[in-house]
Amino acid sequence: MRKELKLAYPVLMKKTDDGYYVEIPDFDIATQGSNVAEAMEMARDAIGLMGIDYQDDKKDLPEPYSIKFNEDEFDIETLVDINLAEYRRKLENKSVKKNCTIPYWLNEKAEKEGINFSKLLQEAVAKALGVSLK
């Protein structure tokens with residue numbers, strides 16, 4: 001069984017005119033949200049994306065609290081947790097919209113037969129690649 005990588009990083013939030021500015025010192029990145037809950041969600045997303053980049057580049061993830069920071073400049077200091085394996089699975093299984101074109105008559109016939117275009121395309125691409133859909 002693969003070990004799940006769960007981490008919690010400190011995030012710093014400062015109230016702005018239109019929400020919250022968020023810094024994640026250990027990754028030297030920032031994001032924002034319209035309220036505290038959204039700011040935490042955006043921080044988790046930023047940490048997840050950076051964490052996956054670090055893993056893909058075979059770089060060690062920074063340790064939480066590896067960077068000193070001055071919390072006096074911020075209104076909120078909290079921790080945001082992330083499970084990088086779960087985040088990666090979610091990201092890799094995210095649906096993306098593809099636009100394709102088929103002849104009108106073929107579309108009409110397929111719709112009358114109740115063909116699910118998305119499912120058919122997924123199955124065809126998986127077959128062409130020799131992979132199975134999860």
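The values are calculated or read from the model by the stated rules, or taken from the named source; none is laboratory data. None of these values were measured; they are calculated from a predicted model. Here the Cβ is made from the backbone with ideal geometry for all residues, glycine too, and neighbour counts use every protein chain on show.
Assorted remarks:
- Tally of residues being touching a helix residue (DSSP H, G or I) at 6+ places or on another chain (Cβ under 9 Å) and surrounded by 10 or more Cβ atoms within 10 Å (Cβ to Cβ) across segment 112-134: 3
- Qualifying position, being buried (at least 19 other Cβ atoms within 10 Å of the Cβ) and without any contact (Cβ under 8 Å) to a residue 24 or more places away in the chain, among M42, M13: M42
- Considering (1) part of a loop (DSSP other than H, G, I, E, B); (2) within 20 Å of Y9 (Cα to Cα), the lone condition that V131 does not fulfil carries the number (2).
- Residue within segment 75-87 that is in a loop (DSSP other than H, G, I, E, B) and either over 19 Å from the mean Cα position of the chain (by Cα) or not hydrophobic (A, V, I, L, M, F, W, C) (or both) present: yes
- Residue match in segment 18-26 (condition: surrounded by 15 or more Cβ atoms within 10 Å (Cβ to Cβ), out of contact with any strand residue (DSSP E or B) (no Cβ under 6 Å at 6 or more places or on another chain) and of a type in the set (G, A, S)): no
- Single match in M42, M13 (criterion: in contact with a Ser or Thr (Cβ under 6 Å, 6 or more places away or on another chain), in the same structural domain as Y87 (by TED's automatic domain parsing) and either at pLDDT 95 or above or more than 27 Å from K94 (Cβ to Cβ) (or both)): M42
- Subset of segment 36-74 (residues that are hydrophobic (A, V, I, L, M, F, W, C), part of a helix (DSSP H, G or I) and closer than 14 Å to V11 by Cβ): V36, A37, A39, M40, M42, A43, A46, I47, M50
- Scope segment 72-97; condition charged (D, E, K, R) and either touching a Ser or Thr at 6+ places or on another chain (Cβ under 9 Å) or under 23 Å from G48 (Cβ atoms) (or both); matching residues: E77, D81, E86, R88, R89, K90, E92, K94, K97
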